[in-house]
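I have placed the structure first, in the form of structure tokens, so that the comments after it can refer back to it.
The values are calculated or read from the model by the stated rules, or taken from the named source; none is laboratory data. This one's a predicted model, so the numbers in the text were calculated from it and none came from an experiment. Cβ atoms come from the backbone with ideal geometry, glycine included; neighbour counts cover every protein chain shown. Each accessible area value is taken on the protein alone, full model and side chains, heavy atoms only, with ligands, DNA and RNA left out. Shrake-Rupley method; radii C 1.70, N 1.55, O 1.52, S 1.80 Å.
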Amino acid sequence: QVQLVESGGGLVQAGGSLRLSCAASGSIFSINDMNWYRQAPGQERVLVAGITGGGITDYADSVKGRFTISLDNAKNTVSLQMNSLKPEDTAVYYCNALITIDEYASTWHGWGQGTQVTVSS
């Protein structure tokens, strides 16, 4: 099986920075893509940023220019560098991944447990 574990959340002041990490472990042949979603209280879970195993990235308009997603294929770890944080960024951030688990292209898709990011004004 595959597990995703997020870390790096916390409380910061507006304008500050945080770096989130999500490590995948278990039966991993290759990373198809890994993504960060967030969910604020009473809101839908939305995509923040995503990256393919080949390094192609995608960002929500609300975070472009402030957040940077990166993937370390050797460590099966995706990171999200968050700069110039705003109170509107407050949410639980979840790691999501599509992973190929064997040479027959079997895949696994799942979510991490989430990590809280709180930005004070």
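Does the stretch 52-61 contain any residue that is under 12 Å from the mean Cα position of the chain (by Cα) and in contact (Cβ under 8 Å) with a residue 24 or more places away in the chain? Checking the stretch 52-61: not a single residue is under 12 Å from the mean Cα position of the chain (by Cα) and in contact (Cβ under 8 Å) with a residue 24 or more places away in the chain.
Name the residue that is nearest to residue 89 (Cα to Cα), counting only residues in the stretch 40-55 that are in a loop (DSSP other than H, G, I, E, B) and open to solvent by less than 40 Å² (accessible area, probe 1.4 Å).
Step one: filter the stretch 40-55 for residues in a loop (DSSP other than H, G, I, E, B), giving 40-45, 53-55.
If we keep only those that are open to solvent by less than 40 Å² (accessible area, probe 1.4 Å) too, we end up with 40, 53.
Details: 40: 8, 53: 26 Å.
Only one residue tops the list, namely 40.
Take residue 66 and tell me if it is open to solvent by less than 50 Å² (accessible area, probe 1.4 Å) and among the basic types (Lys, Arg). First the steps, then the outcome.
Working: open to solvent by less than 50 Å² (accessible area, probe 1.4 Å): yes; among the basic types (Lys, Arg): yes.
Yes.
Taking residue 58 as the residue in question, decide whether it is open to solvent by 60 Å² or more (accessible area, probe 1.4 Å), among the acidic types (Asp, Glu) and touching a strand residue (DSSP E or B) at 6+ places or on another chain (Cβ under 6 Å). Yes: the conditions hold for residue 58. For the stretch 1-18, the set of residues classified as assigned to a strand (DSSP E or B) and either farther than 16 Å from residue 77 by Cα or among the hydrophobic types (A, V, I, L, M, F, W, C) (or both) consists of 2, 4, 5, 10, 11, 12, 13, 18, listed by residue number. Residue-level analysis places residue 21 among those that are assigned to a strand (DSSP E or B), open to solvent by 30 Å² or more (accessible area, probe 1.4 Å), among the hydroxyl-bearing types (Ser, Thr, Tyr) and farther than 24 Å from residue 103 by Cα. Scanning the stretch 71-91 for residues that are buried (at least 16 other Cβ atoms within 10 Å of the Cβ) and either closer than 15 Å to residue 32 by Cβ or without any contact (Cβ under 8 Å) to a residue 60 or more places away in the chain (or both) yields 71, 76, 77, 78, 89, 90, 91. Conditions first: (1) at pLDDT 95 or above; (2) surrounded by fewer than 16 Cβ atoms within 10 Å (Cβ to Cβ). Residue 34 passes all but one, so which condition is the exception? Going through (1) at pLDDT 95 or above; (2) surrounded by fewer than 16 Cβ atoms within 10 Å (Cβ to Cβ) one by one, residue 34 breaks only (2).
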